[in-house]
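Engineer: Would you mind keeping the following structure in view while I ask a few things?
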Amino acid sequence: MEIAEHIDALRRQGELLADAAMRAGLDATVPPCPPWLVKDLLRHTGYVHRWAARHITECPAEILDGPPGEEMLRGGAADDRLLGWFREGHAALVKTLATADPALECATFMAAPSPLAFWARRQAHETAIHRADAESAAGAMPEYEPGFAADGIDELIMGFGRRRKYQPGSATDGVRLRVLATDTGDAWLVEAQEGRLQPRRDAHGAEDVRCTVSGPASGVYLYLWNRADATLAGATVTGDPGLLSAWQASVRVRWG
């Protein structure tokens, strides 16, 4: 996806997140993120949007520090204006990204074609996944455009899956996991070696795969982000789920 496409997705997903939060109510529970309530979700995501925008406007050489998660949940606006506060921060981030110099230099924490490409993509998927949280609080599950969902699977596997902090240990060494988005044809292979994940895009299939996760990109996206179980997501898991279980236990993206 191009930068402009990620910015458009960020705009739309943030609007849908706010709409779902309004339907659910500020005191509704967020099932994928206990013990959060919707008000906590809005404060967390609203803070992340403002934090991300600072990287574009201030161009720091290192990732900016932020407060501990619990402190974030005590900040933001009062409940009676929290939705407006969230919408303001989201709109400001969209504008900041849309008007930024494509050649800007600033810190990132995963490989990308450019810093602007990184922040646009990361915030599009950050917001899309938290939209799923807001939808769950309202008793619904979102459906994502297949190409966008496949892009989010790719970011999770090829980006977060390579980071040293998300590693399953040596018990799964030599095991291969294949992930397939059946509607887009995109596929990825994750192999564990020396306690670390070695992911790659897998256009031609692979031999000796121990476990396969397949299904529509939207459902697999939610499943791998731990936002829906396989049945609810419409995903199929075949084979030995050992590496998959290790993945789901270790690759849990958290603030800080």
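Engineer: Which is the longest part of the chain that has none of the trypsin sites (Lys or Arg not before Pro) sitting in a DSSP loop with at most 15 other Cβ atoms within 10 Å?
Structural biologist: On the way: sites that count: 74, 163, 164, 165, 252, 254.
Looking at the chain, 75-162 is the longest stretch - no exposed trypsin sites (Lys or Arg not before Pro) with at most 15 other Cβ atoms within 10 Å.
Engineer: For segment 1-153, what is the accessible area per residue in Å² when the probe is 1.4 Å? Could the numbers behind the result be given before it?
Structural biologist: Numbers: 6760 Å² over 153 residues.
Ligands and nucleic acids excluded, the figure is 44 Å² per residue.
Engineer: Tell me, which longest segment in the chain has none of the chymotrypsin sites (Phe, Trp or Tyr not before Pro) that fall in DSSP loops with at most 15 further Cβ atoms within 10 Å?
Structural biologist: Details: sites that count: 109, 255.
Longest stretch, sites excluded: 110-254.
Engineer: Then there is this: Compute the normalised compactness of segment 1-140: alpha-carbon radius of gyration over 2.2 N^0.38 Å, N being the residue count.
Structural biologist: Numbers: Rg = 14.7 Å, N = 140, 2.2 N^0.38 = 14.4 Å.
Ratio of Cα Rg to 2.2 N^0.38 Å: 1.02.
Engineer: Taking only the alpha-carbon atoms of segment 82-139, what semi-axes of the equivalent ellipsoid follow from 5 times the gyration tensor eigenvalues under a square root, in whole Å, largest first? It would help to have the intermediate numbers written out before the result.
Structural biologist: Numbers: eigenvalues 128, 45, 11 Å².
The answer is 25, 15, 7 Å, longest axis first.
Engineer: Could I ask something else about it? Please list, in chain and number order, the residues 5+ apart from residue 176 or on another chain whose amide H is under 5 Å from its amide H, with Hs placed from the backbone.
Structural biologist: Residues meeting the criterion, in which the H sits 1.01 Å from N, are 210, 211.
Engineer: What distance in nm separates the simple spin-label points at residue 245 and residue 194, each placed 7 Å from Cα in the Cβ direction?
Structural biologist: Going by the 7 Å Cα→Cβ label model, 2.7 nm.
Engineer: Another question, then. Roughly how many debye, to the nearest 20, is the charge dipole of the chain about its Cα centre, given +1 on each Lys and Arg Cβ, -1 on each Asp and Glu Cβ, and no other charges? Write out the running numbers ahead of the final one.
Structural biologist: Values: 27 positive and 35 negative charges, 82 e Å.
Around 400 debye, computed over the chain.
Engineer: OK, next. Looking at segment 99-145, which GluC sites (Glu not before Pro) are DSSP coil and have at most 15 other C-beta atoms within 10 Å of their C-beta?
Structural biologist: 105, 143
Engineer: Hey, another quick one. Tell me which of 30, 180, 150 sits at the most positive position along the dipole axis of the chain, charges placed on C-beta atoms (Lys, Arg +1; Asp, Glu -1).
Structural biologist: 30
Engineer: In square nanometres and to one decimal, what's the mean projected area of the convex hull around the Cα atoms of segment 16-93? Don't jump to the answer; show the numbers that get you there.
Structural biologist: Numbers: hull surface 21.8 nm².
With every direction weighted equally, the projected area is 5.4 nm².
Engineer: Mind checking segment 1-35 for GluC sites (Glu not before Pro) that DSSP puts in a loop (not H, G, I, E or B) and that have at most 11 other Cβ atoms within 10 Å?
Structural biologist: Working: sites: 2, 5, 15; in loops: 2.
Hits after loop and neighbour filter: 2.
Engineer: May I pose another question? Where the accessible area of segment 38-191 is counted over protein heavy atoms with a 1.4 Å probe, how much of it, in %, is carbon and sulfur? List each step's numbers first, then the result.
Structural biologist: Details: 3120 of 6280 Å².
Here carbon and sulfur together make up 50 percent of the probe-accessible area.
The values are calculated or read from the model by the stated rules, or taken from the named source; none is laboratory data. Only a predicted model underlies this, so the values are computations on that prediction, with no experimental measurement involved. Cβ atoms come from the backbone with ideal geometry, glycine included; neighbour counts cover every protein chain shown. Side chains included, ligands, DNA and RNA excluded: accessible areas come from the protein's heavy atoms. Shrake-Rupley method; radii C 1.70, N 1.55, O 1.52, S 1.80 Å.
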